[in-house]
Amino acid sequence: MPPVQPATRNPAVLAFVDQARSLFKPERVIWCNGSKAEYQQLLHAMVATGTAQWLNSEKRPNSVIVRSDPADVARVEDQTFICSLSKDDAGPTNNWADPSEMKATLHGLFDGAMVGRTMYVVPYSMGPVGSPIARIGVMVTDSTYAVANMHIMTRVGDAVLGALGSSTDFVRGLHTVGVPLKKQTWADEPWPCNTTKYICHFPETREIWSYGSGYGGNALLGKKCHALRIASAQARDEGWMAEHMLILKLTNPEGRSKFIAAAFPSACGKTNLAMLIPTIPGWKAETIGDDICWMKFGEDGRLYAINPETGFFGVAPGTSNESNLNAMRTLNANCIFTNVGLTDEHDIYWEQMDGQPPQHLTDWLRRSWSPNAGRPAAHPNARFTAPAAQCPVIAKEWDDPKGVPIDAILFGGRRATVVPLVSEALSWQHGTFLGSIMASEKTAAAAGTIGELRRDPMAMLPFCGYHMGDYFQHWINMGEKGGGKMPRIFYVNWFRKSAEGKFLWPGYGENSRVLKWIFERCDGTAEAVETPIGKLPAKGALDLKGLNVSDGAMADLLKVDVAGWKAELPSIREHFSTFGTRLPAALGDELDALEQRLG
Ligand code: OXD
Ligand code: MN
């Protein structure tokens, strides 16, 4: 790939890149221009080094499979740090390190880390270039895989530098896989990574320093590092919101639309909900985004949201025509598949894909595999990277620089018990309370034990770049500012189980029934009953026509489990106590009020 000259004279950008070059000591520097040709060159480069392999060009045109090192398969939360000046500002939910000490450690590791390699400079915009809600970052990296993924997931290139002009307001990202090449041979591995890993954020200076991993959120710095951890801190400072939410557009049979944002912890079906196919006649759902939502007040006082990304980095296993037809259709071409199985026809396979598994394939560890192998063909956190514009139900507003006005915010998680199918918060403050106590069973998106219940406030536990108590306060402040124009807040749970451990609710497209109630609550046309835990659908208010769920199951799904909620109060108090004096008084008041209402 020929070196490309910088398309900017911005002294801050040039100085940042110069410093990175002196530190990392790469063999060459390439400035990414964001063109299609450049993307193709990146794919060819990955194939040439053995990082990627072309898939069958008829079945999966212009797509590649990549297998990572088995020790580099997920975000490493243990090694993720918020390096704010004061430890208190990182709060109890983050690992903290002193910024100068961490920088000294990383300087040591970064010094010469790119010897023999290419250093790519990736100017990117999170959000439509030039949108008042969008933000710019400049990332340097030695991972071709990271650059190719950034091409799909963000807006990369010269247009971004043009929009930045001479401004110094950009997030500075340094990333290396931490494997310098040896001059004698220049030999490389298909997936270079280091056993030492650090994913570090400096919220005050808007910097990201990432070492040792090439995988997902550790390496695609625009996503979790910038769009959530750094952006959440910036949003607090500037009065907007950076949230771990999908955004969807829901249109009723009369053709009126509402925009809904929803926060669910990692791998709880955000992508599925973002692309759902309603089962109720006449209703239409379209996608704006599946993972991240930035919201800012518009001139009319409402909250307007953009999807800062341009692609989906979705969990592959479990995705099928049945669970998410629109995602499967998005994956027809131009995708990167990571840690999935490779069929003998050079196509992809993962667990719970439609139909029978192939009789033979090559698993994500490049071993021969058959259905009786006793192990999955794909890693549970195997991913697809797919261009959002390819989604057959992408909404026409998905890249509107103005954003879309949000009508409702949903919180949810995987809860087998206690939490009903849907409830509406009594107020913004009560909704903030519900978000702050969200809990879910752990999934494979992060390294750790699967199945354990963890509180994951607003699905931001691994992504909030500052003290979570202050983050709650920011939510309350936003509500005070927006007043009656704020979105309504709802709490949903698709994962409630019977005593026998069976899911009570069919989920997927049937969730449109719940969305319809939410739509009509926003319109003031659907009935609700006020209960101690919030407003639940009144009898008959949820459209259940044609649904095969027994009355008993429906009663369980919409039950106010007073005993269950009472039993949970001590664990909520304990959760709140971790935030000390930074817990907003309003949330303590909400907890007391809940206790009183439960009697
Ligand atoms: C993701 C995550 O990858 O939340 O989106 O872990
Ligand atoms: Mn996510």
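So here's what we get for this one:
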item: Strands (runs of 3 or more DSSP E) contained in the stretch 236-350 and holding at least 1 residues under 22 Å from ILE409 (Cα atoms) and within 16 Å of ligand 1 (Cβ to nearest atom); result: 241-243, 245-251, 257-263, 284-289, 293-297, 311-315
item: Of residues in the stretch 537-561 being among the acidic types (Asp, Glu) and not in a helix (DSSP H, G or I), the one farthest from GLU595 (Cα to Cα); result: ASP543
item: Hits in the stretch 321-340 (condition: of a type in the set (A, V, I, L, M, F, W, C) and either more than 30 Å from PRO190 (Cα to Cα) or within 15 Å of ligand 2 (Cβ to nearest atom) (or both)); result: LEU325, ALA327
item: LYS296 among the charged types (D, E, K, R) and modelled with pLDDT under 95; result: no
item: Flag for GLY374 being on the phi > 0 side of the Ramachandran plot and surrounded by fewer than 22 Cβ atoms within 10 Å (Cβ to Cβ); result: yes
item: Out of TYR124, TYR145, sole residue that is modelled with pLDDT of 95 or more, crowded, with 23+ Cβ neighbours inside 10 Å and closer than 19 Å to GLY178 by Cβ; result: TYR145
item: Close pairs from the stretch 130-145: first without any contact (Cβ under 8 Å) to a residue 60 or more places away in the chain, partner part of a strand (DSSP E or B) and buried (at least 23 other Cβ atoms within 10 Å of the Cβ), Cβ under 9 Å, at least 6 apart; result: ILE136/PRO123; ILE136/TYR124; ILE136/SER125; ILE136/MET126; ILE136/VAL171
item: Any chance VAL129 is in a strand (DSSP E or B), of a type in the set (A, V, I, L, M, F, W, C) and over 19 Å from the mean Cα position of the chain (by Cα); result: no
item: Residue within the stretch 166-183 that is at pLDDT below 95, farther than 22 Å from SER131 by Cα and surrounded by fewer than 24 Cβ atoms within 10 Å (Cβ to Cβ) present; result: yes
item: Tabulated pairs, the stretch 74-98, first part of a helix (DSSP H, G or I), second within 16 Å of ligand 2 (Cβ to nearest atom), C-beta under 7 angstrom, 6+ apart or interchain; result: GLU77/ALA446; GLU77/ALA447; GLU77/PRO462; GLN79/ILE199
item: Residue list for the stretch 242-272, restricted to those being on the phi < 0 side of the Ramachandran plot, within 16 Å of ligand 2 (Cβ to nearest atom) and among the hydrophobic types (A, V, I, L, M, F, W, C); result: ALA242, MET245, LEU246, ILE247, LEU248, ALA261, ALA262, ALA263, PHE264, CYS268
item: Sole residue being within 16 Å of ligand 2 (Cβ to nearest atom), surrounded by fewer than 24 Cβ atoms within 10 Å (Cβ to Cβ) and over 23 Å from VAL47 (Cα atoms), chosen from GLY298, GLY318; result: GLY318
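The values are calculated or read from the model by the stated rules, or taken from the named source; none is laboratory data. Note that the structure is a prediction, hence the values are computed from the model and not measured. Don't worry about glycine lacking a Cβ; one is built from the backbone with ideal geometry, like all the others, and counts go over all protein chains shown.
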